[in-house]
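Report on one structure; see the data block that follows.
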Amino acid sequence: LGLLCSGSKNLPLYQRVSEAAVDVKSFSKRHHVAVILLSQAGRGQDRLQTEGAGPLGVDAARDSGQVEEAADFLVTMWRPDLDSQITDEKRMSLGNQVELYLAKNRRGARGSAHLTANWQALRYEPREDAENG
């Protein structure tokens, strides 16, 4: 999302990203299409979040302008194996686990899912050992 060109180049990044989010939402409505955007999270001071190993909430996207307000759905993702303070044995046991949290659903419930990254097929698959909600 931050790579989209929007507005004047002399505006702060926060404002440019906000404008891009609003522009994409308008495009989506005008053309009756779903648009999926990826955005790097503003992670603050939490070590696990900074490493990409800990849960993120709605507040993670709020640092990116009006992303949270414009989005109909907001999904956060993290990989527990990225934690720099776990042992190699623990990292191996986590494998390719990916955690998802549906932090915002404009017209429904929120929830989580537990996936495994299949890097060869470039897709995520439900984990056999977890209940996906």
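The values are calculated or read from the model by the stated rules, or taken from the named source; none is laboratory data. Being a predicted model, the structure only gives us computed values, none of them experimental. A quick note on method: Cβ atoms are made from the backbone with ideal geometry, for glycine too, and the neighbour counts reach across all protein chains shown. Protein only, heavy atoms only, side chains kept; ligands, DNA and RNA dropped before computing areas. Shrake-Rupley method; radii C 1.70, N 1.55, O 1.52, S 1.80 Å.
Could you tell me whether any residue of segment 80-99 is open to solvent by 40 Å² or more (accessible area, probe 1.4 Å) and touching a Leu at 6+ places or on another chain (Cβ under 8 Å)?
There is no residue in segment 80-99 that is open to solvent by 40 Å² or more (accessible area, probe 1.4 Å) and touching a Leu at 6+ places or on another chain (Cβ under 8 Å).
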Is it the case that segment 64-72 has a residue that's within 21 Å of Arg110 (Cα to Cα), in contact with a strand residue (DSSP E or B) (Cβ under 9 Å, 6 or more places away or on another chain), acidic (Asp, Glu) and modelled with pLDDT of 80 or more?
yes
Answer residue from segment 1-45, given it is at pLDDT below 85 and among the charged types (D, E, K, R) and is surrounded by the fewest Cβ atoms within 10 Å (Cβ to Cβ) among those:
Lys9
Sole miss for Gln45 among (1) touching a residue at least 24 places away in the same chain (Cβ under 8 Å); (2) in a loop (DSSP other than H, G, I, E, B) is condition (1)
Those residues of segment 101-120 that are open to solvent by 50 Å² or more (accessible area, probe 1.4 Å) and either outside any strand (DSSP E or B) or of a type in the set (Val, Ile, Thr) (or both) come to a total of 6
Of those in segment 46-63 that are open to solvent by less than 60 Å² (accessible area, probe 1.4 Å) and either modelled with pLDDT of 85 or more or out of contact with any helix residue (DSSP H, G or I) (no Cβ under 7 Å at 6 or more places or on another chain) (or both), the residue nearest to Arg91 (Cα to Cα) is Ala53
